[in-house]
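Below you'll find the structure, written out as structure tokens, and then a few comments.
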């Protein structure tokens, strides 16, 4: 059984509250079609569980097969440094079929970010160390492709589909209730 | 039913085609750790399949001076096309004729389907199996187990080296 080796920390991209009962971590690649498929599913799962669920996204670009994956991850980190990570993240996944340098510039401009700064960040690989660190943490945790999800720190090997994810998260929630009852 | 060879077993030597006109023998890789990754087939329809993943992680394996080798029952031309498509930086061996003979020697052949298991071996510098793992066929085993084994192997070597030098000093 593969376990998350890098605990969720402040530096992570997090949606939801720290005291949420369940944390869902995704290791993803912006050019991976399966991650593109999973993106609206993750949103639906988040909506379904509301405050009970916290979502974390970490980079796992497969650069040998996806030529734009690294630049896309860098652009999302660039936007993130200016407080717009999730807008960029959503923008890239929602426009995945036309992912290229032009799209990244367009999305950045749409968020009011300087295109010169974006170009400089991409050319200087300013955010690459962070992406590599995500990647290596993922490798050590047993990420075996994209997307890979961890539910409360344990790798989820089921299908990345709404019903399956909801069921797996429900299991965690009911487990938590039993423990709480015992404690009470 | 065959069982996957366990740590401590001498890794059975083999010579398999790696390209249409080249072959590779396990003994050629003596002196460095070897990662043997058996897998069912080229062209599995997922991103970041097992071989693509090891390709991305290749620099990490190189830190341990480990040679990574993929093995399936696909033929050399199939491997060549697959390796080219996925930009693989390590060799794929064709356990093609007699089919699955090497997988059988390692106890990782699925007779019914006629393919290799998803099985991993880390072989030490002397050709002895240091770690082995067989994953459920539908689950890509990732690379965490391999990296942990390579780390443990390195530590074992270092401890051994210290022991030797202290013996010599004494």
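Derivation of every value follows stated rules applied to the coordinates shown; laboratory data play no part. All of these numbers come straight from a predicted model, not from anything done at the bench. Here Cβ is always computed from backbone atoms with ideal geometry, including for glycine, and neighbour counts include all displayed protein chains.
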Dividing the helical contributions, -39500 (n - 2.57) per DSSP H run of n ≥ 4, by the residues of chain B yields a 222 nm value, nearest 500 deg cm²/dmol, of -10500 deg cm²/dmol
Using 7 Å Cα-to-Cβ label points, what is the residue A:82/residue B:154 separation (nm, one decimal)?
3.9 nm
Starting with the highest mean, order B:20-28, B:88-96 by the number of other Cβ atoms within 10 Å, averaged over the residues of each peptide.
B:88-96, B:20-28
Nearest-0.05 FRET efficiency for residue B:111 and residue B:63 at R0 = 41 Å, using Cβ-Cβ distance, is 0.65
Ordered by packing density, taken as the mean number of other Cβ atoms within 10 Å over each peptide's residues, highest first, how do A:17-27, A:53-63, B:76-86 rank?
A:53-63, A:17-27, B:76-86
Set the Förster radius R0 to 25 Å, insert the Cβ-Cβ distance between residue A:46 and residue A:3 as r into 1/(1 + (r/R0)^6), and round the FRET efficiency to 0.05.
0.65
Could you calculate the FRET efficiency of residue A:123 with residue A:34 from 1/(1 + (r/R0)^6), where r is the beta carbon distance between them and R0 is 25 Å, rounded to 0.05?
0.30
Taking a spot 7 Å from the Cα of residue B:9 along the direction of its beta carbon, which residues of the stretch B:132-161 have an amide N less than 11 Å from it?
B:132-133
Where in the stretch B:32-46 does the amide nitrogen come within less than 12 Å of the point 7 Å from the Cα of residue B:85, taken along Cα to Cβ?
B:42-46
If one builds a Gaussian network model of chain A from Cα atoms under 10 Å apart, the most fluctuating residue listed among A:138, A:101, A:124 is A:124
For a label point 7 Å from the Cα of residue B:137 along Cα→C-beta, name the residues of the stretch B:37-56 whose backbone N is under 19 Å from it.
B:37-46, B:49-51
